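Taken together, the values in this text are just the output of simple stated rules run on the coordinates, not laboratory data. Everything quoted here is computed from the prediction, not taken from an experiment. Note: ideal-geometry Cβ built from the backbone for every residue, glycine included; neighbour counts use all protein chains shown.
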Amino acid sequence: MGKMEFKKTGWPEVGDLVIATIQKITDYGAYVTLDEYGKEGLLHVSEVSSSWVRNIRSFIREGQKLVLKVLRVNAEKEHVDLSLRRVTRGERKEKVLSWKRERKADTLLRTASEKLKMPPEEFNKRIAPLLEKGLEETYEELEGAAREGAGVLIKAGVPEDIAVVLEEVAKEKIKLPMVRVKGILNLQCTKSNGVIAVREALLSTQKIQPQNAKIQVYVVAPPKYRIVVSAEDYKEAEKILEKAVNTVVKNITEAGGQGAFVRENKGK
């Protein structure tokens, strides 16, 4: 089976941000390969930096990957002029994140095609509804499948037999971003062993050992304690938070104290 490469078709447009690898450096600039398109381009020395470039090799090196901005495109001559100095820090960060997601999608799709032992052409044809949206959007769909199952992909137009394998690969390879839910516990116990009772009540959360989730308790200032639950989705996080809070309040009440809980806003 030939190696699958999900390259963007055609040419980039003026103003686009592209990922480029420097192939050859000369006195007047650098020849690069546009990784996403498989095309060649030129980064002129005047577009390397806003400051004076005495030695271009002080700014760039062969083999380096850069985020560049497209200045001019001549498809007939197969020529693209690029700029480094016109790329802002924010644009660079956003493009690198997008590129990483695209590479992940590429890897996941290739893994699935190998599992299915399906020729690249047939596989591409059958997942066309995903690829039409672009690789970054495809990664978002695969992330959705890792979280919610193959139904997300079937809804997007992917045949069921392929969607099931894509779900399996996505769940195996994608580390889902965690979400956090939190709130303040107000715990009081005026008994002689009150301090110990509060500590025992807070420690009771350790007996809850949720899969793929984490419970943390911090002292704000007695009698206030912050409880934070990190999980793969809000529904699961809320469920664990409720269980943890109920456990703490039950423990402090049984010890002759009292507990109350105030929810804080959702935060990532």
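Quick notes on this structure:
- Taking 1.002 mPa s as the viscosity and 20 °C as the temperature, the Stokes-Einstein diffusion coefficient of the stretch 101-239 based on its alpha-carbon Kirkwood radius rounds to 120 µm²/s.
- For GLN23, net neighbour charge (Lys/Arg +1, Asp/Glu -1) across residues whose Cβ lies under 9 Å away: -1
- Approximate spin-label separation GLU140-GLN211, in nm, with each point projected 7 Å along Cα-to-Cβ: 2.9
- Listed peptides 235-248, 170-183 by packing density, highest first (mean Cβ within 10 Å): 235-248, 170-183
- Alpha-carbon Rg with Dmax, taken over the stretch 134-212, Å: 21.5, 66
- Sorted into 5 angstrom bins from 0, the C-alpha pair distances of the stretch 90-173 split as 3, 16, 28, 27, 15, 6, 4, 1, 0 percent.
- Paired Rg and Dmax values of the stretch 17-87, which use every Cα atom, in angstrom: 11.1, 33
- Cα long-axis angle, helix 194-203 against the chain (0 to 90 degrees, to the nearest 10): 40
- Subset of LYS7/LYS133; LYS93/LYS214; LYS8/LYS100 violating a 23 Å alpha-carbon distance limit: LYS93/LYS214
- With a cut-off of 9 Å between beta carbons, the residues surrounding GLU47 carry a summed charge of +2, where Lys and Arg count +1 and Asp and Glu -1.
- What the Cβ-Cβ distance of SER83 and LEU176 gives, at R0 = 41 Å and to the nearest 0.05, is a FRET efficiency of 0.65.
- Report summary: the helix-based calculation at 222 nm, which adds -39500 (n - 2.57) for every DSSP H run with n ≥ 4 and divides by the residues of the chain, gives -12000 deg cm²/dmol.
- Binning the C-alpha pair distances of the stretch 179-263 at 10 Å intervals from 0 yields a P(r) profile of 20, 53, 23, 4, 0 %, listed from the shortest bin outward.
- In nm, spacing of pseudo-spin labels at VAL96 and GLU114 (7 Å Cα→C-beta vector): 2.7
- Considering the chain at the alpha-carbon level, its Rg and Dmax are found to be 26.8, 87 Å.
- Leading residue at positive end of dipole, the chain (Cβ point charges), from ILE227, ALA112, PRO177: ILE227
- Full extension of the chain between LYS65 and LYS235 yields a length gain of 57.2 nm, computed as 0.36 nm times the residue separation minus the alpha carbon distance.
- Distance from the alpha carbon centroid of the stretch 203-225 to that of the stretch 21-100 works out to 49 angstrom.
- The three principal axes of the C-alpha atoms in the stretch 1-153 carry coordinate ranges of 56, 31, 24 Å, sorted with the longest axis first.
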